[in-house]
Amino acid sequence: MLLGKWDKLIRDILSENKNLRFDDLSKALIKMGYKEYQPKSGGSHYTYRKEKCMPITLPKQQPMNKAYIELVSNAVKQYLETEG
């Protein structure tokens, strides 16, 4: 079975793949309806906001810390339950 890029990305996030990059997590959040807010002061932490959801802040770093991958994984689970 061939998986589309979106399906593969969701699978990797849900399995909390340690090789996920900032761009992967950012892309998923934006596709799920989050808006990205870049730091005005030149900082490295980006905040993602969506109505009725807790904001998620991610540092633009490589590799991504497991805690941030878990945050996005939880957001994906919530998205799949409500938007499915």
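Any read-out appearing in this document is the output of simple, stated calculations on the displayed coordinates, not a laboratory observation. Everything numeric in this text was worked out from a predicted model, so none of it was measured. No Cβ is skipped: glycine too gets one built from the backbone with ideal geometry, and neighbour counts run over all protein chains shown.
Every test in (1) surrounded by fewer than 12 Cβ atoms within 10 Å (Cβ to Cβ); (2) touching an Asp or Glu at 6+ places or on another chain (Cβ under 8 Å); (3) aliphatic (A, V, I, L, M) is passed by Leu9 save one, and that test is (1). Evaluating Glu70 against the criteria (1) of a type in the set (Asp, Glu); (2) touching a residue at least 40 places away in the same chain (Cβ under 8 Å); (3) surrounded by 15 or more Cβ atoms within 10 Å (Cβ to Cβ) leaves one unmet condition, (3). Part of a helix (DSSP H, G or I) and surrounded by 11 or more Cβ atoms within 10 Å (Cβ to Cβ) - does that describe any residue in the range 43-52? No: the range 43-52 contains no residue that is part of a helix (DSSP H, G or I) and surrounded by 11 or more Cβ atoms within 10 Å (Cβ to Cβ). All of (1) assigned to a helix (DSSP H, G or I); (2) under 12 Å from the mean Cα position of the chain (by Cα); (3) exposed (fewer than 13 other Cβ atoms within 10 Å of the Cβ) hold for Ser26 with one exception: (3).
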